[in-house]
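What follows is a single structure, written as structure tokens, with notes after it.
The values are calculated or read from the model by the stated rules, or taken from the named source; none is laboratory data. Fair warning: this is a prediction, and the values are worked out from it, not measured in the lab. Glycine also receives a Cβ, built like all others from the backbone with ideal geometry; neighbour counts cover every protein chain displayed.
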Amino acid sequence: MRKTTVNFLGTDFSIRYVKRNYVILSMILAGLLGSSCVRNTPPVEPEAPEPPPPSASAAIVSEERPESLPEAPLLPPPPFEPEDEFQSRTLEEINRDTPLQPVFFGYDSSELNSIAVTAISANVDILENFPTWVITIEGHCDERGTPEYNLGLGERRALVVREYLVELGIATSQLRTVSYGKEFPFESGETEQSWSANRRAHFVITAQ
């Protein structure tokens with residue numbers, strides 16, 4: 001059996017020429033040749049595309065949009081406007097739907113508190129639109145106390161309201177006062193709710 005040496009790709013191979021090994025030798029050479037031709041190349045990841053720049057219109061919208069909407073300003077209530085129907089109504093009809101607010105007092109008191117002052121100021125705004133009206137201010141009390149005491153307390157309540165109306169610009173010629181004490185209650189009953197409703201100065205339009 002003859003042996004020879006073969007140099008393949010820088011490597012010496014000793015080959016025995018044996019007929020039965022031809023197939024094996026051919027397979028070895030094919031494998032070496034295939035491995036030399038194939039290169040292991042690492043996979044290349046594609047580059048992520050850069051995000052597009054924001055458009056000019058989007059930038060303008062984001063800059064002009066406020067973080068929060070401003071609150072709507074509180075508007076004062078509309079001023080009282082005299083209606084023509086008051087001129088054509090009778091005194092009974094006007095007093096039934098009177099626009100004048102009563103003024104309430106504390107127990108055994110003729111002093112004006114902040115609520116009473118607010119009611120009188122609102123009545124002044126109305127009376128300025130009707131300078132020909134004549135107003136009678138009635139002083140009322142709850143049922144506690146003697147009739148004589150309540151007549152005096154009701155008079156003091158009517159007078160203090162009249163004086164404040166004059167201070168605010170209402171002519172004295174438009175104002176009258178009367179005290180009814182506890183004789184004509186607006187609400188019946190022996191509860192604080194009824195008593196507080198009867199401690200008042202009540203406005204009645206007596207002339208147009």
**Asked** Which ones in the stretch 133-157 are in contact with a Pro (Cβ under 8 Å, 6 or more places away or on another chain) and over 17 Å from Q101 (Cα atoms)?
**Response** D142, E143
**Asked** Can you pull out the residues in the stretch 158-177 that are loosely packed, with under 13 Cβ neighbours inside 10 Å and either in contact with a Gly (Cβ under 7 Å, 6 or more places away or on another chain) or farther than 22 Å from N113 by Cα (or both)?
**Response** A171, T172, S173
**Asked** Just for the stretch 178-206: of the residues that are in contact with a Phe, Trp or Tyr (Cβ under 7 Å, 6 or more places away or on another chain) and not polar (S, T, N, Q), which one is surrounded by the most Cβ atoms within 10 Å (Cβ to Cβ)?
**Response** R199
**Prompt:** Just wondering, is there one or more residues in the stretch 169-182 that are in contact with a helix residue (DSSP H, G or I) (Cβ under 8 Å, 6 or more places away or on another chain) and of a type in the set (D, E, K, R)?
**Reply:** yes
**Item:** Which listed residue is assigned by TED's automatic domain parsing to the domain that holds G181, among the hydrophobic types (A, V, I, L, M, F, W, C) and free of Cβ contacts under 8 Å to residues at least 60 places away in the same chain, from I135, I94, I120
**Value:** I120
**Asked** In the set E143, E155, E148, which member is surrounded by 17 or more Cβ atoms within 10 Å (Cβ to Cβ), more than 42 Å from the chain's Cα centre (by Cα), among the acidic types (D, E) and over 16 Å from T206 (Cβ atoms)?
**Response** E155
**Fill in**
From the option list A207, A171, A201, single residue qualifying as touching a residue at least 60 places away in the same chain (Cβ under 8 Å) and closer than 22 Å to F86 by Cα is A207
